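K.L.:
Structure below; questions to follow.
The values are calculated or read from the model by the stated rules, or taken from the named source; none is laboratory data. The structure displayed is predicted, hence computed values, not measured ones. Here the Cβ positions follow ideal geometry from the backbone for every residue, glycine too, while neighbour counts run over all protein chains shown. Please note that ligands, DNA and RNA were not included when accessible areas were found on the heavy atoms of the full protein model with its side chains. Shrake-Rupley method; radii C 1.70, N 1.55, O 1.52, S 1.80 Å.
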Amino acid sequence: MVIKRQESRELQRRSMICPRCRKETTFVIDSRDIDLDVIRRRRECSQCLYRFTTYERIEPVKLTVIKKDGISQSYQRSKIVNGILLAVEKCKVTKDQVEEIADAVEQELISLNIHEIPTTKIGSIVLRLLCKVDDVACLRFSSVYKQFTTLKSFEKEMTKLQGKKI
């Protein structure tokens, strides 16, 4: 995205200190997305007319996952993606759909506005979203997530899934 110079300089004013004169009267001349989480801004000081470039990086939210045994570890998106990929193996689910599910899970976790999330909560979110995409993948993920140990527990889950589809 490029900000046009015709826009009012008053709208472009930012609270950024000029590296040369130390005044807080800089404005943005140009703004471009460099990466998904990096924005390059070309700025100019209205006092000394010095031009400089800043890079703004989006700070990711730091999430901690609490495992069933009480151990905590940092959130890793790749673990969610890998779990979904195992569940959708040989199903008609595309890599893009897997990424969309992982994105939706991440957004939901962030929207909870808590920094320590139990794996059970993450699993239930993945399961809910995966069930909307593919029944077989949902059942596969559910069997691992809910740790089925008997054929009866597997049958109960399958019946429950069939009941939701009717």
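K.L.:
Which helices (runs of 4 or more DSSP H) does the range 92-166 wholly contain that include 2 or more residues that are closer than 23 Å to K67 by Cβ and either open to solvent by 70 Å² or more (accessible area, probe 1.4 Å) or in contact with a Ser or Thr (Cβ under 8 Å, 6 or more places away or on another chain) (or both)?
P.N.:
Details: elements: 95-111, 119-131, 135-145, 151-165.
Counting at least 2 such residues, we get 95-111, 119-131, 135-145.
K.L.:
Okay, moving on. In the range 21-46, which residues are of a type in the set (A, V, I, L, M, F, W, C) and open to solvent by 40 Å² or more (accessible area, probe 1.4 Å)? Steps first, please.
P.N.:
Filtering the range 21-46 down to residues of a type in the set (A, V, I, L, M, F, W, C) leaves 21, 27-29, 34, 36, 38-39, 45.
Once the filter is applied, which keeps residues that are of a type in the set (A, V, I, L, M, F, W, C) and open to solvent by 40 Å² or more (accessible area, probe 1.4 Å), the range 21-46 yields C21, I34, L36, I39.
K.L.:
Please determine, by comparing only the residues of the range 144-165 that are among the basic types (K, R) and at pLDDT 80 or above, which one is nearest to G123 (Cα to Cα). Don't jump to the end; show me each part of the working.
P.N.:
Initially, the range 144-165 is screened for residues among the basic types (K, R), giving 146, 152, 156, 160, 164-165.
Among the residues that remain, those that are also at pLDDT 80 or above are: 152, 156.
Working: K152: 21, K156: 18 Å.
Top of the filtered list is K156.
K.L.:
While we're here: Restricting to the range 47-63, count the residues that are surrounded by fewer than 14 Cβ atoms within 10 Å (Cβ to Cβ) and either of a type in the set (G, A, S) or in contact with a Phe, Trp or Tyr (Cβ under 7 Å, 6 or more places away or on another chain) (or both).
P.N.:
Residues that pass the stated criteria total 0.
K.L.:
Of the residues V105, V38, V98, which single one is under 21 Å from L139 (Cα atoms), under 24 Å from the mean Cα position of the chain (by Cα) and free of Cβ contacts under 8 Å to residues at least 24 places away in the same chain? So that I can check it myself, show each step before the final result.
P.N.:
Numbers: V105 fails: free of Cβ contacts under 8 Å to residues at least 24 places away in the same chain; V38 fails: under 21 Å from L139 (Cα atoms).
Every option except V98 fails the conditions.
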